[in-house]
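What follows draws every value from the coordinates through simple rules; no lab data is involved. This one's a predicted model, so the numbers in the text were calculated from it and none came from an experiment. Here Cβ is always computed from backbone atoms with ideal geometry, including for glycine, and neighbour counts include all displayed protein chains.
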Amino acid sequence: MQKMSAMNRKLIQNLAETLCKQVKHFDKRETECLIRLFSGLLGEQAERRAAHGLDRVRFRNILHNTFGMTDDMMMDSVFRAFDKDNDTYISVKEWVEGLSVFLRGALDEKIKFCFDVYNLHGDGYISREEMLQMLKDSLIRQPTEEDPDEGIKDIVEIALKKMDHDHDGKVSYSDFEKTVKDENLLLEAFGNCLPDAKSVLAFEQHAFQEPHGH
Amino acid sequence: MGETFSRAIQWSSDADQLENSPLNNDILTEILLFTEDFDDRYPKEARILFREPLQWKTSLEAADFTSDIYDTRGEAAVSLECDDNRSPLLQLSPPDITVHSFYHLSNLLQLSKDKTMKEIRACLEGDTLIVHAFIAILLLLVNELYFCSVCVFLPREGRLSPEAVNTEVDLLKRFCGTGENRALKSVSYTSDYVFSNGCRSPPWRQMDGEICSLIIETCDTEPTLFITCSTSGVFFDERINGEGGVNYYMRKSELYKDIITLLKNMSPHFAVAANEQGFFYNVLLCMDSSHFYPEKILWESTSPSVCLKDIKLWASLNINMSNRCICVCMHSKSPGGAGDFSESSSEDEEDEEQPERRAEIPTDLPSEYWQIQKLVKYLKGANQTATVIVLCALRDFNLVQETCQLAIRDVGGLEVLINLLDTDDIRCKIGSLKILKEISCNSQIRQTIADLGGLQTMVSILDSPDKELKGLAAETIANVAKFRRARRTVRQHGGIKRLVELLDCVPNGVSMSAEQERDVEVARCGALALWSCSKSTRNKESIRRAGGIPLLARLLKSSQKNMLIPVVGTLQECASEKSYRIAIQTEGMIEDLVKNLSCDNQELQMHCASAIFKCAEDKHTRDLVRQYEGLKPLVMLLNEAENKQLLAATTGAIWKCSISLENVAKFQEYKALEILVGLLKDQPEEVLVNVVGALAECAQISENLATIRKSGGIQPLVNLLTGTNQALLGNVTRAVGACATDPENMVIIDRLDGVRLLWSLLKNPNPEVQANAAWAICPCIENTKDAGEMVRSFVGGLELIVNLLKSQNKAVLASVCAAIAKIAKDVENLAVITDHGVVPMLANLTNTGDDKLRRYLAEAIACCCKWGSNCVSFGEAGAVAPLVHYLRSKDPSVHQATARALFELSKDPNNCITMHENGVVKLLLIMIGSTDEILQEAAASCVANIRRLALANDKAKYG
């Protein structure tokens, strides 16, 4: 057992050595901590699945419990944005890469991340339908009105008007990028998909503390 | 002044009782209601003491004074609160009662229960003048008339302000309509957008002093009048379309002092209608009057602060607004001095809350209105995500446009935006503040934000760790705190301390991190907010106590203009306080202020010059300005004559700096006098006051007198003697007086009839002007050939000056004594002033302890002895004994004049006896030992006269 753990440590160190060169924002020690955290989370998972990486349910738990996210659809989307190879599991590399943007990303990286999250169909555009889907619960419905969704539709139109710079009826990445650069508040325009400063701080404190007993 | 309220209120036939008529009862009820809750509404004002107490026969008894603020002793009752002389502010010894403040009057009325009406009636019957005064105060405080009065009187100073124009336009709008007796059809601005300075004209036309343009439809002239209001007056223009569709205005008419005057000239219908409509007429009456001076001031407050929309009283009673009303409010605005400069910059601008203009929203609402209404509706039911989208959409409206600003308010948007500030979502807060920051440039929005408690929330946001959020909150506070109540709210909720904390940053790091740059930006926002807040005196004190001064001093080292402007703006605002003036000097800020005089931003230069203006009353500060080589840049700035605010600040700084002779020498070197003389024409009064002040200082050096003459300064100076601005007159009289010491100058002054102008200023009610005029008259008499003849030619002039010996003001008395001494050198004139009773009046003043007055009084007595039996009369009037005591004064200049007076008086034996009895000989013997030959001789001659009398006496006794 002792030997195993020592080997494991060696393995983790090597992996961290490699990853921290590929990923921005984290140094080797931090990368090591994140890998260790990852393997801890995997340990909670059934053996069979652990081979592939972190599954959707575990990941959503983290988003919900650690980063205070509540919207199911947004959490699934964030999962998809982390899961770059679309294999429904988050590998250790995807984990470190994803967190690097999620926790410490520069504006450009975050714009890309959020666009990926909002691009539900993965076709490179955010369409009216996608917006409607993401914003469907963002307004109190007026049941008295003929079409209770009228308000939402209107807000979608407002958002589209603000973002659709090339007037093609959908928001491309460059539309989105330009909009957010003009007005940073619109980074998370279609739903909360990034952690707030407080939970970032809490997560980092927890994750990057010196491991006990070493 | 008789045509005031007394016409409205009905007195009984013997004029000492108020008739029991319905009208009187209405008036009394109004006064009663007003007085009863005065203390609650205006606690600060209520504590101000009356100049003279109210006294009347009361039906109250000691037993009625149940409150513990009174002390009852038998039948009498007194308040525990006392004035400085320890006499109680309320005193009852039945049936007489004396009350010294509104606080006690309010209390008394509350105690009198069912007898209130009787009491207020008795009180008013006690003194008819009080009725006027009450009404005046009532109108000033309760009505928007405060604005009327203040605004209306600004033109009296020769210049229009945006506020004055606004008030006048609001007034005119009341007289538009469709009825038979309307005075006008319509009045409207050509532009809805109001700049933060209150002007509506585009900035490039504001440069020429324009405030706004109006379109007025009258009932009888050509369909539409295009009128432009500018700071120098109102003119009627013809609109032509220039190239590129820009409207150019061509001046077509002469300048009128205000819109009403212009309309009266343009529209006969308006002139008639205006005179028929009481309210209007009354205001016109006030505008036409040019001099308002108090006869009796009952009570004065510097801050009639609250405005209610109760003009009912005014309209229903049709009271003529008397001169007295104006006195009450005008009095607080005394002229002259740096302190006054600051107050005017502080309290006038935008300070007063304006009545809401909700009713004026046109019925055909623009499409923006409906769009904004829809967005605000969404905001009310949106989650964070949709809220941010909607907020961003709102920001896409043109928020500097008043229609959009008021639309947001009118659909309840301000409530929602302010509620968002209380949420946890930082993006919603930022989005909301970004909108509030923009729209709070509108004064009505500011007031609503304050009403809704927005300031409290914004102050608490200043504690946030998010720097963008903090900065936005501070910037919005900067916009909202443009009126007194808002500034007070910020202070009372701990905002000043938090804002001062924002200033803590390193402004000039060599390589600043992004974080440090954000700190600097937050500090800049904090400085902006403090700048707005610093217009209230108590906030200045709070900033100081929160440790703001060293932080401001550090920021003053910044090289960024957008940082320096609010920082220096705050400093110059606070420099009205002595503590700041000292700190600016001791914390080394003069050097930075001087450095920035040479920057390339006129606003910053203006604030620096203005700070120096206020601080340079202090000698050491003046020296520092010279040592840091600030005098030359100041003189250079005189060339920026187009920017009047900058010019006013610059000339002010030069004026104060020129109090030091070393600085005057520098100014001579830089040829400043020639430039200053050139600025004596066609300048606004705030510039003229300073220019003339500076010339008056420079003229203390005799070689400058010729410079002023050679550069053509005498004539414009003499011309300014005909003005009405008290501060300006105070300086002009000084300058002309200084110039008159040069005989060549005097020839010009005489030719321009300057002495007559000076003499007529003795009638000016302002003591400073009176005194300076009298001082100026002295060298004029001295340096004019046939001065006696000239003085006699002023009809009533001698009587006028002699009567000024009744003044209560020591400076006036000293100056008048000095002038009388000069006048008395002409025997014929001495005879005339003797007839006017100069001898007893001078004798009456002899018991003074004021050395300056003693000196000139003694001189006047010495000179006046030389006619008829004046010498004897002085003795009989008891002038001799007090004069003897003047010899004990510490001031040697008193000794010489006194010795000369005593010598003259010693020509009468009885006077010699009096002197001897008062121990004069011993004192004179000391004087004989003086190095001053005139003093020696006068003292010796006086002793000789006394000696001769004693010898003669001995001879008579012993043969």
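So what's the projected area for segment B:795-855, the Cα convex hull averaged over all directions, in nm²?
Numbers: hull surface 15.4 nm².
Over all viewing directions, segment B:795-855 projects a mean Cα-hull area of 3.9 nm².
Computed 3J(HN,Hα) for segment B:848-859, one whole-Hz value per residue from the Karplus formula 6.51 cos²θ - 1.76 cosθ + 1.60 where θ = phi - 60°, is 9, x, 7, 5, 5, 4, 4, 4, 6, 5, 4, 4, glycine and proline marked x.
Amide H contacts for residue B:233 (H built 1.01 Å from N in the peptide plane; partners 5 or more residues away or on another chain; cut-off under 5 Å): B:160.
Note that segment B:467-474 has calculated 3J(HN,Hα) couplings of 6, 4, 4, 4, x, 5, 4, 5 Hz, one per residue in order, obtained from phi through the Karplus relation 6.51 cos²θ - 1.76 cosθ + 1.60 (θ = phi - 60°); glycine and proline are x.
Close amide-amide hydrogen proximity is noted between residue B:101 and B:50, each under 5 Å apart and 5 or more residues distant or on a separate chain (H modeled in the peptide plane; Pro and chain starts excluded). Label zone (residue B:617, point 7 Å along Cα-to-C-beta; backbone nitrogen cut-off 13 Å) within segment B:557-584: B:574-582. Compactness ratio for segment B:465-562: Cα radius of gyration over 2.2 N^0.38 Å (N = residue count) comes to 1.03.
Could you sort out which of B:377/B:467; B:257/B:644; B:467/B:497 sit more than 24 Å apart by Cα distance in this structure? In this structure, B:377/B:467 lie more than 24 Å apart at Cα. Taking the Cα of residue B:722, stepping 7 Å toward and past its beta carbon, and measuring to each backbone N in segment B:731-752: which are under 16 Å? Taking a point 7 Å out along Cα→Cβ of residue B:722, the residues of segment B:731-752 whose backbone N falls under 16 Å are B:749-752. By the Stokes-Einstein formula, at 0.692 mPa s and 37 °C, segment A:50-148 with its Kirkwood radius over alpha-carbon pairs has D equal to 221 µm²/s. A compact globular protein would have a Cα radius of gyration near 2.2 N^0.38 Å; the ratio found for segment B:617-704 is 0.97. Note on residue B:186 and residue B:265: with the Förster distance fixed at 25 Å, the Cβ-Cβ geometry gives a FRET efficiency of about 0.85. Sites counted here are trypsin sites (Lys or Arg not before Pro) in a DSSP loop (not H, G, I, E or B) having no more than 15 other Cβ atoms within 10 Å; the longest part of chain A that contains none of them is A:142-214.
How big, in percent, is the set of alpha carbon pairs in chain A lying more than 23 Å apart? Don't jump to the answer; show the numbers that get you there.
Values: 11842 of 22791 pairs.
Of all Cα-Cα pairs in chain A, 52 percent lie more than 23 Å apart.
At most 14 other Cβ atoms within 10 Å plus a DSSP loop assignment makes a site exposed; report the longest stretch of chain A without any exposed GluC sites (Glu not before Pro). Here the longest segment lacking exposed loop sites spans A:45-144. Derived scalar couplings between HN and Hα for segment B:656-662 equal 5, 5, 6, 5, 8, 4, 4 Hz in order, rounded to whole Hz, by the Karplus curve 6.51 cos²θ - 1.76 cosθ + 1.60 (θ = phi - 60°), x for Gly and Pro.
Each label was represented as a point 7 Å from its Cα along the Cα-to-Cβ direction; for residue B:510 and residue B:561 these points are 2.8 nm apart. Overall size of segment B:526-617 from C-alpha positions, given as principal axis extents largest first: 33, 28, 19 Å.
Starting from the Kirkwood Rh over alpha-carbon pairs, what translational D in µm² s⁻¹ does segment B:813-959 have by Stokes-Einstein at 10 °C and 1.306 mPa s?
Numbers: Rh = 15.1 Å.
Calculated translational D: 105 µm²/s.
Give the dimensionless ratio obtained when the Cα radius of gyration of segment B:535-673 is divided by 2.2 N^0.38 Å.
Details: Rg = 14.0 Å, N = 139, 2.2 N^0.38 = 14.3 Å.
In units of the 2.2 N^0.38 Å rule of thumb, it is 0.98.
Between amide H atoms placed 1.01 Å from N, distances below 5 Å from residue B:76 occur with no residue 5 or more places distant or on a separate chain.
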